[in-house]
């Protein structure tokens, strides 16, 4: 992984210099922000200062990646060890020896070596931006400054458990509609490639003029049968094109904004995302992170580019001297009930507690919406199935009925 040197200023205005490893310059800048430093300059470190391993470019392809569960387990275990009075170096050594994931084992080894060379734990974690996000790094830094490191690790454990729960809720919300759409798409393909051609042969045998709807169905079916390979290639290209588009900043923003507008499932995604925002902000605020810095870090954790942009605008408003309430109203993503709770929290000085309640409220609503998701989607599914049956009846079964009556008339 390439190394980058940075120059910036901390919250006290003092100039800070350092070096860290990151996949790209942008990731390095985000890692610096996670340390509570405003980056002024980030550039690649000199090649002489880095060791080059033979085949290193291919090693990363086969190296076991660190999963969310590995980080979750690390936070819980290191909290338990520190709580029991085990020195941090011994704790990291024990965790490294017991780690099953080889990628996590290497991360723990690098953390030990960094601490041994005089770095702080937060700075050592910042060398692995793909493993530890800016929010976690900043929280550990706050724990080091306040002497509450073990408590911070416990809070991060509960926070990541909540993050995983919300992420699974969003996937559950999108899984059923996606399955319904996929099933209907497969049904349309099967009907057009196998069912309609069989009826088309019957119609041609009668040599009668067919209704317009029947001719349209047969024409579309013939087109699919003749060009299915090109249509399959077009679908594959569309999938790859979509993934490449979503990987861009503008594409990710547009797609995340669209997900929030999807009927029924969109409101669940929005509530789950805002629950993660409220929980992250409550944790950062309760741990002593300044509001502006908390909003900057939380914006990176919501996993939705559209909501993240709204949070960054909230941060800009607070930087200009606006209250959190006024900035939240300007964001335009919170319900009046949430706005009222923010107002009460800010006025009473218990904003972190109110944000925690907001997160729990959104969590309850997401769980309820998921329980009733099938009931909400069934009417839409019935309407679409009814349309499909109506089209098939008008295009296929009515001509058969008419031709049957003609044949019976001739027989009489």
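The values are calculated or read from the model by the stated rules, or taken from the named source; none is laboratory data. What you see is a predicted model, and the numbers here were worked out from it, not measured in a lab. Cβ sites come from the backbone with ideal geometry, for glycine too, and all protein chains shown count toward neighbours.
Worth a mention:
- Any chance residue 341 is within 14 Å of residue 277 (Cα to Cα) and surrounded by 15 or more Cβ atoms within 10 Å (Cβ to Cβ): no
- Residue match in the stretch 218-236 (condition: outside any helix (DSSP H, G or I) and assigned by TED's automatic domain parsing to the domain that holds residue 396): no
- Of the candidates 364, 313, the single residue that is free of Cβ contacts under 8 Å to residues at least 24 places away in the same chain, surrounded by fewer than 18 Cβ atoms within 10 Å (Cβ to Cβ) and either touching a helix residue (DSSP H, G or I) at 6+ places or on another chain (Cβ under 7 Å) or not assigned by TED's automatic domain parsing to the domain that holds residue 278 (or both) is 313.
- The sole residue among 243, 215 that is more than 30 Å from residue 366 (Cα to Cα) and without any contact (Cβ under 8 Å) to a residue 12 or more places away in the chain is 215.
- Condition check for residue 213: touching a helix residue (DSSP H, G or I) at 6+ places or on another chain (Cβ under 7 Å) and within 25 Å of residue 401 (Cβ to Cβ): yes
- Enumerated helices (runs of 4 or more DSSP H) restricted to the stretch 110-216, each holding at least 3 residues that are out of contact with any strand residue (DSSP E or B) (no Cβ under 6 Å at 6 or more places or on another chain), outside the structural domain of residue 276 (by TED's automatic domain parsing) and crowded, with 16+ Cβ neighbours inside 10 Å: 121-125, 134-146, 149-190
- Within the stretch 322-354, the set of residues being assigned to a loop (DSSP other than H, G, I, E, B) and under 20 Å from residue 308 (Cα atoms) comprises 322, 323, 332, 333, 334, 335.
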